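Below: one structure, written as structure tokens.
The values are calculated or read from the model by the stated rules, or taken from the named source; none is laboratory data. Source: prediction; values computed, not measured. Every residue, glycine as well, gets a Cβ built from its backbone with ideal geometry; the counts of neighbours run over all protein chains shown. Just the protein is used for accessible areas: all its heavy atoms, side chains included, with ligands, DNA and RNA removed. Shrake-Rupley method; radii C 1.70, N 1.55, O 1.52, S 1.80 Å.
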Amino acid sequence: IYALGAEGELRVLDAGSGALVWRRNILTDNGASNLAWGMSASPLIVDDKVIVLPGGSRASSVVAYSKGTGDVVWRSQDDEQGYTSPMLVTLGGVRQILVVSASRAMGLSVDTGRLLWEHPWSTFNGINVSQPIVFALNGNDRIFLSASYSTGAAVFELTRNGDRFQTKTVWENQRMKNKFSSSVLHNGFIYGLDESILACLDANTGEQKWKGGRYGYGQIMLAGDH
């Protein structure tokens, strides 16, 4: 079991007995300061690595540890981190790690942490909390991002160019402002809490289809067609 606490304590426990296997504090280990509301990004297990986001400068923003020993495999980038968890995705046929920091979205190589692409995403005080949504339209890979505090939402498209990618914004508006919760995608539509009101957008155009129901800052779950 791989668990990361709000103060950067990464602990690996034997699932059967609960015994400690290894531990690292990802903040002190990488010269990083904690975020205002603490670390909240979940560790990501990829092959023989566990990926975490300490947000350290000097190329220690995203770090891969050996999942068996806790030794550093690679360090990458200099971003202050947000609160969004890293994701394993395949874009343009390339398996990679999707990270949303306090100021941008980016794709990193699984093996080395090399930057494959980046797309600016600047939000109020770097508060990125909701998970991005990766989807394809007409064979093109797209990513949906959303944040609150008057930021809104955007979809950008990635085009592969050799071993790197180019990005361009498809649409951007104020129709979906995810504060704590993440939106969901279903049959070409994005459903989520615009601040505290349930809303639905067309994923292709960003057009608002409907909005209503003040449910507060809760969570969205997709179950079948509900």
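Brief remarks follow.
- Selection status of L35, in a loop (DSSP other than H, G, I, E, B) and either of a type outside the set (D, E, K, R) or at positive phi (or both): yes
- Verdict on P132 being crowded, with 17+ Cβ neighbours inside 10 Å and either over 19 Å from Y65 (Cα atoms) or over 14 Å from the mean Cα position of the chain (by Cα) (or both): yes
- The range 1-40: number of residues that are in contact with a strand residue (DSSP E or B) (Cβ under 7 Å, 6 or more places away or on another chain), charged (D, E, K, R) and open to solvent by 80 Å² or more (accessible area, probe 1.4 Å): 2
Residues are listed down the side, and each one gets a yes or a no for (1) surrounded by fewer than 19 Cβ atoms within 10 Å (Cβ to Cβ); (2) assigned to a loop (DSSP other than H, G, I, E, B):
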residue: V170; (1), (2): yes, no
residue: K177; (1), (2): no, yes
residue: I190; (1), (2): no, no
residue: T205; (1), (2): yes, yes
residue: A223; (1), (2): yes, yes
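- Criterion applied to T84, T112 was being closer than 23 Å to R24 by Cα, assigned to a loop (DSSP other than H, G, I, E, B), modelled with pLDDT of 95 or more and open to solvent by 50 Å² or more (accessible area, probe 1.4 Å), and the one residue passing it is T112.
- Any hit, the range 141-153, residues being in a strand (DSSP E or B), closer than 24 Å to N187 by Cα, free of Cβ contacts under 8 Å to residues at least 12 places away in the same chain and open to solvent by 10 Å² or more (accessible area, probe 1.4 Å): no
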